[in-house]
1. On the basis of being assigned by TED's automatic domain parsing to the domain that holds Ser61, surrounded by fewer than 22 Cβ atoms within 10 Å (Cβ to Cβ) and not in a loop (DSSP other than H, G, I, E, B), does Asp98 make the cut?
2. Cβ-Cβ distance below 8 Å, separation of 6 or more or different chains: which pairs start in segment 202-225 with a residue that is closer than 12 Å to Thr186 by Cβ and end on one that is basic (Lys, Arg)?
3. Provide a single number: the residues in segment 149-164 that are surrounded by fewer than 20 Cβ atoms within 10 Å (Cβ to Cβ) and modelled with pLDDT of 95 or more.
4. Picking from Gly79, Gly129, Gly67, Gly94, which residue would you name as being more than 22 Å from Gln281 (Cα to Cα) and touching a strand residue (DSSP E or B) at 6+ places or on another chain (Cβ under 7 Å)?
5. Asp236 fails exactly one of the following numbered conditions: (1) assigned by TED's automatic domain parsing to the domain that holds Val84; (2) under 22 Å from Gly133 (Cβ atoms); (3) of a type in the set (Asp, Glu). What is the number of that condition?
6. Please find, among Gly79, Gly58, Gly43, the residue that is buried (at least 24 other Cβ atoms within 10 Å of the Cβ) and at positive phi.
7. Step by step: first the residues of segment 261-287, then only those that are more than 16 Å from Pro25 (Cα to Cα) and among the β-branched types (Val, Ile, Thr), then the one that is surrounded by the most Cβ atoms within 10 Å (Cβ to Cβ). Which residue is that?
8. Determine which single condition Glu182 fails, assuming it passes every other condition in (1) assigned to a helix (DSSP H, G or I); (2) of a type in the set (Asp, Glu); (3) more than 30 Å from Met271 (Cα to Cα).
Amino acid sequence: MKIKYLLVAIAFVFGSFSANAVKIPVIVKDSTSPFWQIVLDGGCTAGAELGIEVPLLGPTSEADIAGQINVLEDAVAGGADAIVIAATSFEGLGAPIDEAAKSVPVVVIDSIADSKNHASFMTTNNVEGGRMGCQHMVDLIAEKHGAPEGEVAIVNYGAGPSSLRDRIQGCNEVLDSYPGIELVATKVGDFTTTRQLNDSLDLITTFPNLRGIFDDALFGGLGTGQALKETGKADDIIAVTFDSSDELINYINDGTLKGLIIQDPWGMGNMGVKAAFDASQNGKVLAPFVDTGATLVTKANINDAAIDAKLNPSLDCKP
């Protein structure tokens, strides 16, 4: 997937509005991430279709909870008619979303916060996605070793987002159903690729008989892929991750990683803005909850037309 633009500065976006335009900001967790830029492109396209202003906003790290709260507060103060947001933290964004919802409708995408004050929630069924990823990992372990048994580990991108908790929950549900599978470690990261790489290298060194690694986010997959390359362990360890990027696609094609659980980030952004627009104009939305779906990508199906369309969305919208 080729990212064709980076976010413009927040001040520039807000400064460019006409006085009477409907304004629906999309606030993501990390404005530098390929995944979130696809979300923003979907929102941008919805804005163009509806003829409204869609500021594309967010901090530069998922660890910057305070930064996202500031962006949310500025968006409300800046005259937003509704807001679309993916919460960086379940606990940390609960009260700020409650406060924002006193002024404008709020549509939550991807990750929920500790708040019930949203017009709609649009997300992947992350528990099911976690099950899907770990079931694939266990199936390949059984295929390789003759039985579903051996040591496996989980690499968590960072504590806080509800989406990551749900993916780990789904994975653990699968692992718990196989007595021969032993979960030897769950590494909790700090929302950086460097930490994900180091955690994966530590797992490979500490557990020489490790047979599987499940990563709950894109940057975990990047770290694990690099670790497997550096240690020459790609044939020994079955690694599955969430989300995709050009590098992760390469890792699937060369066999370093054995599976990606991909979502519909473009659809989240696009449907989120349209739902927020409905809420701002009509006071309600058509669906208070939307499951945006998850798909398993492997070397066997990566070239299928339907899979390719999800892996390589056309990112043509300019903010």
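The values are calculated or read from the model by the stated rules, or taken from the named source; none is laboratory data. These figures come from a predicted structure and were not determined experimentally. Quick reminder, even Gly has a Cβ in these numbers, built from the backbone with ideal geometry, and neighbours come from all protein chains shown.
1. Taking the combined requirement at face value, the residue satisfies it.
2. Leu203/Lys187; Asp216/Arg167
3. 2
4. Only one candidate qualifies: Gly129.
5. Only one criterion in (1) assigned by TED's automatic domain parsing to the domain that holds Val84; (2) under 22 Å from Gly133 (Cβ atoms); (3) of a type in the set (Asp, Glu) is unmet by Asp236, namely (1).
6. The conditions single out Gly58.
7. So the residue we want is Ile261.
8. Glu182 satisfies all of (1) assigned to a helix (DSSP H, G or I); (2) of a type in the set (Asp, Glu); (3) more than 30 Å from Met271 (Cα to Cα) except (1).
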